[in-house]
1. Every residue in the range 89-103 that is in a loop (DSSP other than H, G, I, E, B) and surrounded by 12 or more Cβ atoms within 10 Å (Cβ to Cβ), please.
2. Return the residue satisfying two criteria in turn: it lies in the range 65-103 and is β-branched (V, I, T) and closer than 25 Å to T48 by Cα, and of such residues it is nearest to the chain's Cα centre (by Cα).
3. So, in the range 64-88, how many residues would count as being part of a strand (DSSP E or B) and surrounded by 13 or more Cβ atoms within 10 Å (Cβ to Cβ)?
Amino acid sequence: ADARIQGKLLLIPQSSKVKFDTQSGNINSQVDTVDIIKKTIVVRVKATQSETTSSIDELRSGIFGDENDKYNFKTQMAGCSVNRVIIEKATGTNINDGVVEID
């Protein structure tokens, strides 16, 4: 008798000889999914009484990175998704290099 699938189980007859082997390499690289490109905008809000202590450049660097910030949201998303999730700077009216400031 041959092995068969029943529901979520793989049934292997006792008379069968089974050899298990480990898979080499990065198993995540074999995931067959569609790449996702996320247009991302950083919003810096200046409230009447206060504003964030981070500058626009610091916020931009923390999300998109720069020559001094190699570990940021963009690189972490790429790393965790095996380069399947790509973070790109949003563009549009009043958006400056992926960042908008609201007064």
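Bear in mind these aren't lab numbers, they're just calculated from the coordinates by the rules spelled out. Nothing here was measured: the structure is a model prediction, and the numbers come from that model. Using ideal geometry, Cβ is built from the backbone for each residue, glycine included, and neighbour counts are taken over all protein chains shown.
1. Hits for the range 89-103 are A90, I95, D97, G98.
2. Top of the filtered list is V99.
3. 4
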